[in-house]
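Single-structure report; data block below.
The values are calculated or read from the model by the stated rules, or taken from the named source; none is laboratory data. The structure presented is a predicted model; accordingly, all values stated were derived computationally and were not measured. Here Cβ is always computed from backbone atoms with ideal geometry, including for glycine, and neighbour counts include all displayed protein chains. The accessibility values were calculated without ligands, DNA or RNA, using every heavy atom of the protein model including side chains. Shrake-Rupley method; radii C 1.70, N 1.55, O 1.52, S 1.80 Å.
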Amino acid sequence: MLVFKFGGASVKDAEGIINLGKVVAKYKSEQLLIVVSAMGKTTNALEKLTKAYVDQTDDIAVIYEDVKQYHYDILAKLFEPTHPVFNDVANTFVEIDWMIEDEPHDDYDFIYDQIVSVGELVSTRIVTAYLNKEGLKSQWLDVRGYIHTDNTYREGAVQWDKTCESIKQDIPALLDKGIVVTQGFLGGTSENFTTTLGREGSDYTASIFAACLGAESVTTWKDVPGILNADPKLFEDTTKFDELSYTEAIEMTYYGASVIHPKTIKPLQNAKISLLVKPFNDPDATGTVIKETATHIFKKPVIIIKQNQVLLSLSTKDYSFISEDHLSDIFGRFAKNHIKVNMMQTSALSFSVCFDYKEDKFPKFLTNISANYKVKYNTGLTLITLRHYAENTLKNLTEGKTVLLEQISRNTAQVVIK
């Protein structure tokens, strides 16, 4: 039994969905569960719609119409106008209609999950219909009834025991009947509200199903030849890893390598399931395999770039040392506001921390932390992380930049620059 995950780039247009069908056809003799992300940049567009709705701006209808038209244009290239998928997609968009017809009264994160989740619900309707049209018997599965989470909207914590019980109870019988197509990124609460698992969470979804079902492997189909030492959009001379260990992959995702969601690896490692990262435009290519043991050859350092960073420095108002009690309080505030720390450093009188800037979170957090600490901060910064680095590489990347914070260990160097 295999688990496939197709990201937004692989289903961004009609040609992408046709290509997905060709990839799946190569494995039609296998039991196959397919996890699909929202199409193209739909998640970004629905995030924009969420903000417009919460702020009650005048462009709500325009943004929403653009999202719908994008999907209907793809449908028109794949199906006859009378195909029932048109009604399936229209009925799915009704979930947004219900939300935005009233003024916003709920928590922003709750609203976000109810609106943004529709991207995956629609994309999987289209993919399922296309696979069936091509003679690849498939059934649509609502993941919200199988991946159970708590009520932490936008960062739903998976309730593993309940989730695995639900998956094991129903999914094997469905796989005996054909391909199962479901949504990445989404979960459901005990009250039947939608949650999301964190941005780019579809990889995590695939690993959850694989771990619960004891899959042979997970393959995530990407627009890159495999896992590279750096982002090819930022660096020309990149190299591909043929294989990586779970440990190295976890380190890379922890520091922000965006090719895999950070939570993806651990369930697979626990179940000893391999993860393959392969190019969707060249399905016969070897890609990269992540497994228990691997031969690591680092011809070049791993370079991870995170833009739009905040560097925040805190000190006590009475000039006392930063103690363990202060750190406990500070980290509690980060956890409460669902802010992940990317880098930190402590001195006698201050604590400095680097994290992603989020427009909807940072002002509130700043007000909260300023009540008890002196605060200095910079925004619009870049965090560079080098794994297995060479001194000359670090020097080249920071040349002409102002280094605001630097941290070096045995295998890893991190610098915050502007």
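Once region 1-23 is narrowed to residues that are assigned to a helix (DSSP H, G or I) and over 25 Å from GLY187 (Cα atoms), the residue that is most open to solvent (accessible area, probe 1.4 Å) is LYS22. Selection of first residues in region 135-149 that are closer than 13 Å to LEU33 by Cβ and of second residues that are among the polar types (S, T, N, Q) and open to solvent by 20 Å² or more (accessible area, probe 1.4 Å), restricted to Cβ pairs under 6 Å at least 6 apart or on distinct chains, gives the following pairs, ordered by first then second residue: SER138/ASN132; TYR146/SER166.
Please determine whether any residue of region 350-363 is farther than 30 Å from LEU244 by Cβ, part of a strand (DSSP E or B) and touching a residue at least 12 places away in the same chain (Cβ under 8 Å). So that I can check it myself, show each step before the final result.
Going through region 350-363, the residues farther than 30 Å from LEU244 by Cβ turn out to be 350-352, 359-363.
Those still in the list that are part of a strand (DSSP E or B) too: 351-352.
Keeping just the survivors that are touching a residue at least 12 places away in the same chain (Cβ under 8 Å) gives 351-352.
Within region 350-363, one or more residues are farther than 30 Å from LEU244 by Cβ, part of a strand (DSSP E or B) and touching a residue at least 12 places away in the same chain (Cβ under 8 Å).
Being modelled with pLDDT under 95 and open to solvent by 10 Å² or more (accessible area, probe 1.4 Å) is the requirement here; does LYS177 meet it?
Details: modelled with pLDDT under 95: no; open to solvent by 10 Å² or more (accessible area, probe 1.4 Å): yes.
Spelling it out, it is not the case that LYS177 is modelled with pLDDT under 95 and open to solvent by 10 Å² or more (accessible area, probe 1.4 Å).
Results for (1) open to solvent by 40 Å² or more (accessible area, probe 1.4 Å); (2) in a helix (DSSP H, G or I); (3) in contact with a helix residue (DSSP H, G or I) (Cβ under 6 Å, 6 or more places away or on another chain), shown as yes or no for each residue.
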site	(1), (2), (3)
THR92	no, yes, yes
HIS105	yes, no, no
TYR112	no, yes, yes
LEU121	no, yes, yes
ILE126	no, yes, no
GLU155	yes, no, no
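In this structure, is PHE331 in a loop (DSSP other than H, G, I, E, B) and open to solvent by 50 Å² or more (accessible area, probe 1.4 Å)? For PHE331, the condition - in a loop (DSSP other than H, G, I, E, B) and open to solvent by 50 Å² or more (accessible area, probe 1.4 Å) - is not met.
Beta carbons closer than 8 Å, at least 6 apart along the sequence or on distinct chains, pair a first residue in region 393-418 that is in contact (Cβ under 8 Å) with a residue 60 or more places away in the chain with a second that is among the small types (Gly, Ala, Ser) for LEU405/SER352; GLN407/ALA413. When you check ASP231 against the structure, is it under 20 Å from the mean Cα position of the chain (by Cα), surrounded by fewer than 17 Cβ atoms within 10 Å (Cβ to Cβ) and touching a residue at least 40 places away in the same chain (Cβ under 8 Å), yes or no? Considered against the rule, which asks whether it is under 20 Å from the mean Cα position of the chain (by Cα), surrounded by fewer than 17 Cβ atoms within 10 Å (Cβ to Cβ) and touching a residue at least 40 places away in the same chain (Cβ under 8 Å), ASP231 comes out as yes.
Yes/no per residue for (1) farther than 30 Å from VAL289 by Cβ; (2) out of contact with any Asp or Glu (no Cβ under 8 Å at 6 or more places or on another chain); (3) modelled with pLDDT of 95 or more:
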{"site": "GLY21", "(1), (2), (3)": "no, no, yes"}
{"site": "LYS26", "(1), (2), (3)": "no, yes, yes"}
{"site": "SER37", "(1), (2), (3)": "no, no, yes"}
{"site": "GLU65", "(1), (2), (3)": "yes, yes, yes"}
{"site": "ASN91", "(1), (2), (3)": "yes, yes, yes"}
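The lone criterion from (1) more than 24 Å from THR253 (Cβ to Cβ); (2) open to solvent by less than 20 Å² (accessible area, probe 1.4 Å) left unmet by GLY400 is number (2). Scanning region 157-176 for residues that are closer than 26 Å to HIS338 by Cβ, assigned to a helix (DSSP H, G or I) and polar (S, T, N, Q) yields THR163, SER166. Of all residue pairs spaced 6 or more apart or on separate chains, those with beta-carbon atoms under 6 Å, a first member in region 87-115 that is in contact (Cβ under 8 Å) with a residue 40 or more places away in the chain and of a type in the set (D, E, K, R) and a second member that is open to solvent by less than 40 Å² (accessible area, probe 1.4 Å) and assigned to a loop (DSSP other than H, G, I, E, B) are ASP109/TYR153; ASP113/TYR153.
For every residue, the table says whether it meets (1) outside any loop (DSSP other than H, G, I, E, B); (2) open to solvent by less than 20 Å² (accessible area, probe 1.4 Å); (3) touching a His at 6+ places or on another chain (Cβ under 6 Å); (4) of a type in the set (D, E, K, R).
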position	(1), (2), (3), (4)
GLY256	no, no, no, no
PRO267	yes, yes, no, no
LEU275	yes, yes, no, no
ASP282	no, no, no, yes
ALA285	no, no, no, no
LYS299	no, no, no, yes
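Regarding region 55-66, can at least one residue be identified that is in contact with a Lys or Arg (Cβ under 9 Å, 6 or more places away or on another chain) and part of a helix (DSSP H, G or I)? For region 55-66, residues in contact with a Lys or Arg (Cβ under 9 Å, 6 or more places away or on another chain) and part of a helix (DSSP H, G or I): present. Got at least one residue in region 274-286 being touching a residue at least 60 places away in the same chain (Cβ under 8 Å), under 20 Å from the mean Cα position of the chain (by Cα) and under 16 Å from VAL218 (Cα atoms)? Yes. Within the option set LEU75, LEU136, being modelled with pLDDT of 95 or more, closer than 21 Å to GLY184 by Cα and either open to solvent by 60 Å² or more (accessible area, probe 1.4 Å) or assigned to a loop (DSSP other than H, G, I, E, B) (or both) holds for one residue only, LEU136.
Considering only residues of region 188-218 that are among the small types (Gly, Ala, Ser) and over 19 Å from the mean Cα position of the chain (by Cα), which is most open to solvent (accessible area, probe 1.4 Å)? Before you say what the answer is, go through the steps one by one.
Going residue by residue through region 188-218, those that are among the small types (Gly, Ala, Ser) are 188, 190, 198, 201-202, 206-207, 210-211, 214-215, 217.
Checking which are over 19 Å from the mean Cα position of the chain (by Cα) leaves us with 190, 214-215, 217.
Numbers: SER190: 87, GLY214: 58, ALA215: 8, SER217: 16 Å².
So the residue we want is SER190.
Test ALA249 against the criterion of being within 23 Å of CYS354 (Cβ to Cβ), open to solvent by less than 10 Å² (accessible area, probe 1.4 Å), under 19 Å from the mean Cα position of the chain (by Cα) and of a type in the set (Gly, Ala, Ser), and give yes or no.
Working: within 23 Å of CYS354 (Cβ to Cβ): yes; open to solvent by less than 10 Å² (accessible area, probe 1.4 Å): yes; under 19 Å from the mean Cα position of the chain (by Cα): yes; of a type in the set (Gly, Ala, Ser): yes.
When the stated conditions are applied, ALA249 passes them.
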